[in-house]
1. Could you give the alpha-carbon Rg of the chain over 2.2 N^0.38 Å, rounded to two decimals?
2. Report Rg (one decimal) and Dmax (nearest whole number) for segment 1-148, counting Cα atoms only, units Å.
3. Take the alpha carbon atoms of segment 111-269, find their radius of gyration, then divide it by 2.2 N^0.38 Å using N residues; give the quotient.
4. If you take the beta carbon distance between Q176 and D198 as r and set R0 to 22 Å, what does 1/(1 + (r/R0)^6) give as a FRET efficiency, to the nearest 0.05?
5. Apply the Karplus curve 6.51 cos²θ - 1.76 cosθ + 1.60, θ = phi - 60°, to the phi angles in segment 252-269 and return the couplings in whole Hz, x for Gly and Pro.
6. Helix 209-221: angle to the longest alpha-carbon principal axis of the chain, degrees 0 to 90, nearest 10?
7. Please list, in order along segment 146-155, the HN-Hα scalar couplings obtained from phi with the Karplus expression 6.51 cos²θ - 1.76 cosθ + 1.60 (θ = phi - 60°), rounded to whole Hz, x for Gly and Pro.
8. Kindly express, to the nearest 10 degrees and within the range 0 to 90, the angle between helix 49-65's C-alpha long axis and the longest C-alpha principal axis of the chain.
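Bear in mind that the values in this text are calculations on the coordinates, not laboratory data. The model shown is predicted, which means the values in this text are computed figures rather than measured ones. A quick note on method: Cβ atoms are made from the backbone with ideal geometry, for glycine too, and the neighbour counts reach across all protein chains shown.
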Amino acid sequence: MRNDSRPIGVFDSGLGGLTVVRALLDLVPGADVVYFGDTGRFPYGPKPADEVLKYALEIVDLLLEEEVRMVVVACNSATAAALDQLKERLDVPVVGVIEPGLRAARRVTNTGRVGVIGTVGTIASGAYQRAAADLDVDLDLACAACPGFVEFVEQGDVDSDQVHVLAERLLAPVKQAGVDTLVLGCTHYPLLARTIADVMGPDVVLVSSAEETAFEVRAELDEPDRDAPGPETPRRVKFMTSGDPATFRELGARFLGPEVERVEAWSWS
């Protein structure tokens, strides 16, 4: 698929998946990207798994209309609820964010005690626990749901006193478990990394799945290393949202950078 000029399709419940897009732009040279943020139906975390699956199938149909060559499920809740079904139904490769994050944590941990924080839906699904058992039976996982984190990030509030107090309460279980590595099991959470690191302390390594997911995409597509010479062609990054494009554009710049310029509105009705 190295010479395939079709874009990579990426989706999330909101803006968090832009952290994965950032990694793709940095690590997969020359690849065009189409991103869909379902902010109109955000958040996915508290919703039932069958509803999240329905949303994922609808979004993937939309991405396939864009003739994508791969789908990246840049949402832990959607990965937990829909990844297996998407792999069965689609003719293009599908990559999620759960297994890449755990692989990165296994490389980093010295004690095998790994914490995972995510939305209520992601943690309740048991997806991380199952993936860890398949990856390495010696990994000792401590999982905690963090309701409210995503909402703060989507509002652009990542370092207020209110966020810090919430983090202290929600992170208490994984801190008490004595983990030395913490997987940020939601693509929104890297924006809270400073607050999370402050609460967890300097001896705990934070792991984001974004870069590891981009490495997996690069391997799947048989793309050259980012330092390999290649044609200097313009990158096409298309953004679509089911919410307000102006809000997406303003907050999206915090996740991705100046690439978020034009955002297309999409309505499910």
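1. Expressed relative to 2.2 N^0.38 Å, the Cα Rg reads 0.95.
2. Looking at segment 1-148, its Cα Rg and Dmax stand at 15.4, 46 Å.
3. Cα Rg divided by the expected 2.2 N^0.38 Å: 1.20.
4. It comes to 0.85.
5. Karplus values, whole Hz, x for Gly and Pro: x, 5, 6, 7, 10, x, x, 5, 7, 10, 9, 10, 8, 7, 9, 10, 7, 7.
6. 40 degrees
7. Values per residue, Gly and Pro as x: 10, x, x, 4, 4, 4, 4, 5, 5, 7 Hz.
8. 30 degrees
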